[in-house]
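Read the figures in this text as sums done on the coordinates, not as results from a lab. Keep in mind that this is a model prediction, so the values were computed, not measured. Using ideal geometry, Cβ is built from the backbone for each residue, glycine included, and neighbour counts are taken over all protein chains shown.
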Amino acid sequence: MSQANHLHFSARRQHLISLMQAQGGGVAIIPTARELVRNNDNTFPFRHDSYFYYLSGFTEPDAVIVLVATADEQAEILFCRQKDVEREIWDGFRYGPEAAQTEFGFDAAYAIDDIHQKMPELLADTHKLFYSTAVEPHLDTQVQQWLQEVRAKSRAGIGVPTTTVDVRHLIDEMRLYKDSIEIATMQRAASISGAAHARAMRTATPGQFEYELEAELLHEFRRQGAQSPAYGAIVAAGANACVLHYQSNQAQIHDGDLVLIDAGCEFDSYAADITRTFPVNGKFSPAQKTLYDIVLASQYAALACAKPGARYMDGHHAAVRVLTQGMLDTGLLDKNLVGSVDDAIASLAYRQFYMHGTGHWIGLDVHDVGLYRDIHNIAENKPYRHLQEGMVITIEPGIYVRPAKNVPEEFWHIGIRIEDDILITSDGHHNLSRDTPKTVAEIEAEMRRAT
Ligand code: GLY
Ligand code: MN
Ligand code: MN
């Protein structure tokens, strides 16, 4: 780990400590994820917990961060796996507490096996426990045991925490605003993912199978150093594009099909989430182009709302208006049945062809953390929060046409989504995935390029 990175992680721990102190102080417990057994001695690929990583940069399993923030004491403590030369022959390098303490900038580090002895000591005479219950049942049980041990000493005058605060809630608000290192990492994730989309466009040919394009995506991710996909890639040809969470990626792609690809890599723990839709034969049909340009116009309308001060939901409303107008113009929605654009929005008639939201926060997790609404403002019906500099959102409108009576047949089975990753800046936004071919002309030009 570079010195600069380490300082970023320490600064986040210090920030969390100051938030804890503002609430009267206490002890925070933040575990990483658990390794999951797939079968026998075979585990799923390990992915550290995002909260834990955000505060440490440490990627080994079996680790817990403990932050002590009382009036007269402050400490950043890491529990991690002991050095073990024998295990390292099988599983590879592990830091061990001594090296981890220095490398990751903690005040102290101990072997994870010592946590049962240390935690009752650390929790003694603590005002508040900053811990997220009901996330890791296994750890909940341990925390209860530690608290019982402290409580057992109450006759000796030892105090036990009387309040538990959901520490994730505090970290959520921190994670919502990306710092410069996070933005640089997310830019890299988006650039690699965009290159993967362009590669899929260039290699696509009628007769291929969806998984062949998925292989091109994965090839580009790994070739450029991304550690994994950020989520299961959707490669959906023809009618499969109308299945919103399609992931089997097994079907053959026929001449004349559109291919919807929703794929992004995870680079240094940060996600990209990009969708592009293109004709496998390299040329949009008139019907495909008509709907494509409506979705694109709706995305531009939502992008115009991606700026500080706009409410989170403004982009969705703007996109829905353009999409609904397009549905009326093309006859997807029958004016005689649904009325004006306002009527069709009010009655939710547009949901026949656009049934999902227009985006989400993105960061360490593809659907990242942070509140979307002011849940405490009941009087105003929990209004959506304002966008602010440093937030990163996706903008991903679409149209999905399933065959139905009254729906012009030329549009049947067309599914289109266009998704970009958008950083809110002081004066508007910056599109992290801007290099991914997007307009009809850009996509057709990319597809003409030889690989
Ligand atoms: N790939 C998941 C999403 O677009 O939200
Ligand atoms: Mn997506
Ligand atoms: Mn998305």
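Things to note:
- Within region 391-417, considering residues that are small (Gly, Ala, Ser) and within 16 Å of ligand 1 (Cβ to nearest atom), the one surrounded by the most Cβ atoms within 10 Å (Cβ to Cβ): Gly398
- Residues considered: His6, His48. Of these, the only one that is closer than 24 Å to Ser180 by Cα and either assigned to a loop (DSSP other than H, G, I, E, B) or of a type in the set (Ser, Thr, Tyr) (or both) is His48.
- Residue satisfying all of: in region 312-368; of a type in the set (Val, Ile, Thr) and assigned to a loop (DSSP other than H, G, I, E, B); farthest from the chain's Cα centre (by Cα) among these: Thr358
- Among the residues of this structure, Lys153 counts as one that is in contact (Cβ under 8 Å) with a residue 24 or more places away in the chain and more than 22 Å from the chain's Cα centre (by Cα).
- Top-ranked residue in region 269-320 [being surrounded by fewer than 18 Cβ atoms within 10 Å (Cβ to Cβ) and among the hydroxyl-bearing types (Ser, Thr, Tyr); ranked as nearest to ligand 2 (Cβ to nearest atom)]: Tyr300
- Flag if Ala263 is closer than 17 Å to Gly398 by Cα, within 16 Å of ligand 1 (Cβ to nearest atom) and hydrophobic (A, V, I, L, M, F, W, C): yes
- Of the residues making up region 192-240, those that are surrounded by fewer than 19 Cβ atoms within 10 Å (Cβ to Cβ), among the small types (Gly, Ala, Ser), more than 16 Å from ligand 1 (Cβ to nearest atom) and within 23 Å of the chain's Cα centre (by Cα) number 3.
- Filtered residue count, region 340-390, keeping only those that are surrounded by 14 or more Cβ atoms within 10 Å (Cβ to Cβ), within 16 Å of ligand 1 (Cβ to nearest atom) and of a type in the set (A, V, I, L, M, F, W, C): 5
- Subset of region 250-268 that is crowded, with 21+ Cβ neighbours inside 10 Å and assigned to a loop (DSSP other than H, G, I, E, B) - its residue that is nearest to ligand 3 (Cβ to nearest atom): Gly264
- Those residues of region 40-70 which are of a type in the set (A, V, I, L, M, F, W, C) and free of Cβ contacts under 8 Å to residues at least 40 places away in the same chain, in sequence order: Phe44, Phe46, Phe52
- Taken as a whole, region 132-144 holds no residue that is touching a Phe, Trp or Tyr at 6+ places or on another chain (Cβ under 6 Å), touching a residue at least 60 places away in the same chain (Cβ under 8 Å) and closer than 19 Å to Phe58 by Cβ.
- Residue match in region 374-383 (condition: within 16 Å of ligand 2 (Cβ to nearest atom), out of contact with any Asp or Glu (no Cβ under 6 Å at 6 or more places or on another chain) and not in a strand (DSSP E or B)): no
- Evaluation of Gln247 against (1) surrounded by fewer than 23 Cβ atoms within 10 Å (Cβ to Cβ); (2) part of a helix (DSSP H, G or I); (3) within 20 Å of the chain's Cα centre (by Cα) (one fails), failing number: (2)
- Of all residues in region 396-414, those that are assigned to a strand (DSSP E or B) have Cβ atoms under 7 Å from Cβ atoms of residues that are more than 16 Å from ligand 2 (Cβ to nearest atom), 6 or more apart or on another chain, in Ile399/Leu291; Ile399/Ile294; Ile399/Leu323; Ile399/Phe353; Tyr400/Phe353.
- Flag for Lys289 being more than 23 Å from the chain's Cα centre (by Cα), outside any loop (DSSP other than H, G, I, E, B), away from ligand 1 (no atom under 16 Å from the Cβ) and among the basic types (Lys, Arg): yes
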